[in-house]
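Working notes, beginning with the structure itself.
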Amino acid sequence: MTTDNVPELLIISQGSAFMVNSLENNLKKEGILVTRCEPTVRDVDEKIDGKDMVLLFAGEYIQNSSGLLSYITSKCSDECNHFCVVGYPNELAEIEKQVDVSRISAEFSRPFDMKDFTAKIKSLLPHEQADSGQEQEAPAENVHKHDILLCDDDMMFLKMVQEWLHEKYNVTIVKTGLMAVPFALHNSPELIMLDYEMPVMNGPKVLEALREDKKTAQIPVVFLTGHSDRDSVMEVMKMRPQGYLLKSTKKEDIIASVDNFFATGQWKNMQA
């Protein structure tokens, strides 16, 4: 994990590529400790301990890497670390065939803007506690963007809602409850939009874990649910979250709900 409040990241890639080198340099400028390794179980095993995130750059080798992927996902799950993958759509699809996708925190499809990609990777890592303060001295004309954590095991839904909200808000997406809890602990998002039904650690369990820690107990949580019938909604609200949001809600209504929350501090439940 972090050493002296400095986040650590392991990049797994085959050989040396310009894009990987560029990302490494950008992350180092942000004060993140970066370690590189080859996509072999032996090399990963030697370097994975203590890392806050494992970032795998896919390549042709991914076709026959089920053992490597299984080892990485198991190791990251045991230690509650992020496992993120980068690749072309066909490479990401191949990875999803070989491992349980719920074990993957985030997927990044190539091509992408390197600056934006670096920012997203940084947002998933624990923030430095001993900061120089330079980032807090942002120009006055820069409008503060509220931080939202969006957690759902449906990657398509995650990416869709992130795209809808990203112009107004800093939206970090994670695919499992196991990742949502430590992220919230280290980053204190101002709102958590949380899938009610997820494998391994569902929404209610995540909410319980958040409320048990004083650092996260007061973070507002809105449950995401695909069921609109009265009984299902009542079951969701038994946990007394800030509110709920039906996944079938239209884009403009989701944006309006989030806007209203940050304007008033109250969540308005909206029917689809």
FRET efficiency estimate (nearest 0.05) - Cβ-Cβ, Asp154 to Arg240, R0 25 angstrom: 0.55
What is the calculated FRET efficiency for Gln63 to Asn21, with r their C-beta to C-beta distance and R₀ = 22 Å, to the nearest 0.05? 0.35
Contour minus Cα-Cα span, Lys268 to Lys205, at 0.36 nm per residue, comes to 20.3 nm
When only the heavy atoms of the protein chains count and the probe is 1.4 Å, how do Ser77, Ser248 rank by accessible area, highest first? Ser248, Ser77
Could you sort 239-246, 17-24 so that the peptide with the highest average Cβ count within 10 Å comes first and the rest follow in order? 239-246, 17-24
Between helix 66-79 and the chain: long-axis angle, C-alpha atoms, 0 to 90°, nearest 10: 50
Cα centroid separation - segment 58-120 against segment 35-50, whole Å: 15
Cβ-derived FRET efficiency at R0 41 Å, Lys28 paired with Glu252, nearest 0.05: 0.50
Rounded to one decimal in nm, the spacing of the 7 Å Cα→Cβ label points at Thr40 and Glu96 is 3.1
Which of the peptides 193-199, 110-116, 215-221 is most tightly packed, and how do the rest follow, judged by the mean count of other Cβ atoms within 10 Å per residue? 193-199, 215-221, 110-116
Mind pulling the angle between the C-alpha long axis of helix 89-98 and the longest principal axis of the chain? Nearest 10 degrees, somewhere in 0 to 90. 90
Selected from Met53, Met201, Met234 as most flexible by GNM, with the chain as the system and alpha-carbon contacts under 10 Å: Met234
Which loop-located trypsin sites (Lys or Arg not before Pro) does segment 45-90 contain, where loop means any DSSP state but H, G, I, E or B and the Cβ has at most 12 other Cβ atoms within 10 Å? none
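What accessible area per residue, rounded to a whole number of Å², is obtained for segment 1-80 using a probe radius of 1.4 Å?
Per residue, segment 1-80 has an accessible area of 47 Å².
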Checked against a 32 Å limit on the C-alpha separation, the offending pairs among Lys28/Lys251; Lys175/Lys215; Lys115/Lys205; Lys120/Lys205 are Lys28/Lys251; Lys115/Lys205
Full-stretch length increase - Glu163, Gln14 - with 0.36 nm per residue and alpha-carbon distance subtracted: 50.6 nm
Would you mind telling me the share, in percent, of accessible area of the chain contributed by carbon and sulfur at probe 1.4 angstrom? 48
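The values are calculated or read from the model by the stated rules, or taken from the named source; none is laboratory data. Note that the coordinates shown come from a computational prediction; the quantities given were computed from them, not determined experimentally. Counting neighbours? That spans all protein chains shown, and the Cβs are built from the backbone with ideal geometry, glycine included. Ligands, DNA and RNA are excluded from the accessible area calculation, which covers all protein heavy atoms including side chains. Shrake-Rupley method; radii C 1.70, N 1.55, O 1.52, S 1.80 Å.
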